[in-house]
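What follows is a single structure, written as structure tokens, with notes after it.
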Amino acid sequence: MLLLSSVSVKANSGSFNHHASCTSLYKKPFVESFEETPLLVAVLTYMGYGILTIFGYLRDFLRDWKFEKCHLAREREEQKDFVPLYQDFENFYTRNLYMRIRDNWNRPIHSVPGAKMDLVERVTPDYNWTFEHTGKVLKDVINMGSYNYLGFAENTGTCADAASECTVKYGVGVCSSRQETGNLDKHEELEKLVARFLGVESSMVFGMGFATNSMNIPALMGKGCLILSDELNHASLVLGARLSGATIRVFKHNNMQSLEKLLWDAVVHGQPRTHRPWKKILILVEGIYSMEGSIVRLPEIIALKKKYKAYLYLDEAHSIGALGPRGRGVVDYFGLDPCDIDIMMGTFTKSFGSAGGYIGGKKDLVDYLRLHSHSAVYATSMSPPITQQIITSMKCIMGEDGTTLGQERLCQLSENTTYFRRRLHEMGFIIYGNNDSPVVPLMLYMPAKIGAFGREMLKRNIGTVVVGFPATPIIESRARFCVSAAHTREMLDTALNAISEVGDLLQLKYSRKNRHGREGTDLFSYLESHQD
């Protein structure tokens, strides 16, 4: 059976010198912005974390001496002679920093997470250690945080009706794995549709996106194999790589010189100590990086993969359905051949408004995974209404539902993304990522501003996601907006006005680049003339 085989290629000395220009690989400008953190802001951010840490140690001291009530989980008194099940210090950050702004997360939603949503109001009597629901509901909060890129997270319309009918016919749960009595005709239909959508020979679907990565990478890689992973890869990719037992080496984010250096070293020197050739070399990358808003430099990576005879695993969780003129992800976005990617992975939890994940590629590869993937053999198969939701939304994107709704949503998402990013640039915020990425990180930096931004936005009826350390570097805390095709221009303007108002209140407009309308320089023209 044709599967990921061993690597055998000779490389000339110095072959990792990257070409000065790769413009020939791109059919259109590839513009990304990562403005450097202002020095004063970086210093003040470190000072803020330092002060919080000092006060954290002081409060821990007061808790130990019973001066302050302790809300922490502790070992029972009768188990004091046992080896500790967990270490208190490991929770230092959660206890003393996260707990202060915990009210910004885990808010209960009382409706469909569409363009607008309802939130259950809650209060805390003990400074975020516990929460109580007041019974009130915050109505029509503009949702700027869900991955509902194409607006298919809805309870009315074609998708909802089809899922409802499927529930009546098949029930909600299958109660078995695919290899036993959980393989439905709907699963077979979906897999054929996904393969056709991606342009590959075969595909396989899984009930959980996270497990699609964490359980399939170990089935493909093992001892004596090498994984080259982007430093900003998702936790599911990192976990899958670690569980595989393969050697892992990390390259700088979207840095082709760093990747080629690792490839060259791997091919020339082989495995440590023995210097035998690696059994397999696998490059792990994502389509859109969910914390940075950046798009993978796929044409360059494919060129390197071919040059060094490596394999490529592409995670399109955030890009499938959200990029490309036909919504086929980064491969479609760059106009590339799907056959150049060995393993195409993605999830249905974003653009399709559903749940689960898929693996696509050669038929031999997919057949191998059906027998060896833990997620395929042991996990319960995908719920029928979930399956139907994906089928209906995917056919809509492909135009096979007899309407132009899918194409209209793709165009609307692109327009909304361009407009939202341009307005934030003009306001003077530092935002990260690619101009075409619907994931828009707005930099907050200082720890006190993380909680303040989330609270102030909710006061203005805007739901946002704020992110800090350890999900981001310690001085790169941010708010992450996700643009959707379901957002109207009026909704985006309302959100942008609120963001501008809160930005002035919290002094978040850090950008030192020329702003549109101030010095006669269009920011996007500036970016295009200063491409990486």
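The values are calculated or read from the model by the stated rules, or taken from the named source; none is laboratory data. All of these numbers come straight from a predicted model, not from anything done at the bench. Because the Cβ atoms are built from the backbone with ideal geometry, glycine has one as well, and the counts that use them run over all protein chains shown. The protein model used for the area step is the full one, side chains on, heavy atoms only, and it has no ligands, DNA or RNA in it. Shrake-Rupley method; radii C 1.70, N 1.55, O 1.52, S 1.80 Å.
Here are the numbers for this structure:
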read-out	value
Phe82 being exposed (fewer than 14 other Cβ atoms within 10 Å of the Cβ) and either modelled with pLDDT of 85 or more or at negative phi (or both)	yes
Filter pass, His269 being in contact with a helix residue (DSSP H, G or I) (Cβ under 7 Å, 6 or more places away or on another chain) and surrounded by fewer than 20 Cβ atoms within 10 Å (Cβ to Cβ)	no
Within the range 178-194, tally of residues that are buried (at least 21 other Cβ atoms within 10 Å of the Cβ) and out of contact with any Phe, Trp or Tyr (no Cβ under 8 Å at 6 or more places or on another chain)	2
Ser383 vs. criteria modelled with pLDDT of 95 or more, polar (S, T, N, Q) and out of contact with any Leu (no Cβ under 9 Å at 6 or more places or on another chain)	yes
Selection within the range 216-234 - over 20 Å from Lys279 (Cβ atoms) and touching a residue at least 24 places away in the same chain (Cβ under 8 Å)	Asp230, Leu232, Asn233, His234
Residue, most open to solvent (accessible area, probe 1.4 Å), within the range 105-122, restricted to residues that are outside any loop (DSSP other than H, G, I, E, B) and touching a helix residue (DSSP H, G or I) at 6+ places or on another chain (Cβ under 9 Å)	Lys116
Condition met for Asn416 (modelled with pLDDT under 95, more than 18 Å from Leu505 (Cβ to Cβ) and under 21 Å from the mean Cα position of the chain (by Cα))	no
Test: residue in the range 270-283 that is touching a Leu at 6+ places or on another chain (Cβ under 9 Å) and within 16 Å of Met344 (Cβ to Cβ)	yes
Among (1) in contact (Cβ under 8 Å) with a residue 24 or more places away in the chain; (2) open to solvent by 30 Å² or more (accessible area, probe 1.4 Å); (3) more than 15 Å from the chain's Cα centre (by Cα) - the single one Arg242 does not satisfy	(1)
Pairs, first more than 28 Å from Arg59 (Cβ to Cβ) in the range 90-116, second in a loop (DSSP other than H, G, I, E, B) and of a type in the set (S, T, N, Q), C-beta under 7 Å, six or more apart	Val112/Asn155; Pro113/Ser146; Pro113/Asn148; Gly114/Asn148; Ala115/Ser484
Residue that is under 21 Å from Ser164 (Cα atoms) and among the charged types (D, E, K, R), where the choices are Glu400, Glu426, Glu408, Glu415	Glu400
Top-ranked residue of the range 26-60 - restricted to ones that are farther than 30 Å from Leu442 by Cβ and in contact with an Asp or Glu (Cβ under 9 Å, 6 or more places away or on another chain), ranked as most open to solvent (accessible area, probe 1.4 Å)	Arg59
In the range 206-218, residue farthest from Ile341 (Cα to Cα) [restricted to those that are hydrophobic (A, V, I, L, M, F, W, C) and open to solvent by less than 10 Å² (accessible area, probe 1.4 Å)]	Phe206
Subset of the range 169-211 [in a strand (DSSP E or B) and either closer than 30 Å to Asp332 by Cβ or modelled with pLDDT of 95 or more (or both)]	Ser202, Ser203, Met204, Val205, Phe206
Any hit, the range 238-249, residues being out of contact with any helix residue (DSSP H, G or I) (no Cβ under 6 Å at 6 or more places or on another chain) and among the charged types (D, E, K, R)	yes
Any hit, the range 125-141, residues being under 30 Å from Ala485 (Cα atoms), in the same structural domain as Pro470 (by the TED database) and either open to solvent by 100 Å² or more (accessible area, probe 1.4 Å) or basic (Lys, Arg) (or both)	yes
The range 483-518: number of residues that are closer than 19 Å to Lys116 by Cβ and touching a Gly at 6+ places or on another chain (Cβ under 6 Å)	3
Total residues in the range 444-476, condition more than 16 Å from Val43 (Cβ to Cβ) and open to solvent by less than 30 Å² (accessible area, probe 1.4 Å)	13
